[in-house]
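**Student:** This is the structure I have questions about; it appears just below.
Values quoted throughout were computed directly from the atomic coordinates according to the rules given, and no laboratory measurement underlies them. The model shown is predicted, which means the values in this text are computed figures rather than measured ones. No Cβ is skipped: glycine too gets one built from the backbone with ideal geometry, and neighbour counts run over all protein chains shown.
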Amino acid sequence: MAEIKMTDRLKSYHNGVHGDFFMSVAQRIETLEIALSESLKLQSHYAELLNMHDGGKRIGFKTIEEWINRLEKVREITREHIKRNYELNGYQMEMLFIERLCPDCGFSGFLGGPEGGCSQNIKCGNCGNKFNICPPFFAERI
């Protein structure tokens, strides 16, 4: 899985009053990925130790992607679940706010939905995923 970081472009776009908010989101995501990666190292170590102890065939995972692939195989989660249920990261917000692209499929056409205050619901014209956006303050999946 690719490392998620706040892009320079998004940093410059959101500098000033709201920069701290966006940096905290990007830093939180990066921190969670690091924590998950370290947990996988520990899980793999214990799987190896237990296999040596009892001859089992426990699986160790070297990457987050390997772990997600395994979860899919045992049907614990699906890519659709991952795609729809995680917060948007800095790069995905940049795609929505600046490039006007769907962060899930890259399509450039959105259908406008209800508006209120300074936010609006939008739906990708290609994959159908929905977002509530309020540039440059926030974007979230709905």
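**Student:** Please list the non-local residues whose amide H lies under 5 Å from the amide H of Phe107, H modeled 1.01 Å from N, same-chain partners needing a gap of 5 or more.
**Tutor:** Cys102
**Student:** How many nm is it between the label spots at Phe107 and Leu36, if each spot is 7 Å from the Cα in line with the beta carbon?
**Tutor:** The answer from the label model is 2.5 nm.
**Student:** Need the full-extension length gain, Lys57 to Lys130, defined as separation in residues times 0.36 nm minus the C-alpha distance. One decimal, nm. The partial results should precede the final answer.
**Tutor:** Working: separation 73, 0.36 × 73 = 26.28 nm, distance 4.16 nm.
This chain segment gains 22.1 nm when fully extended.
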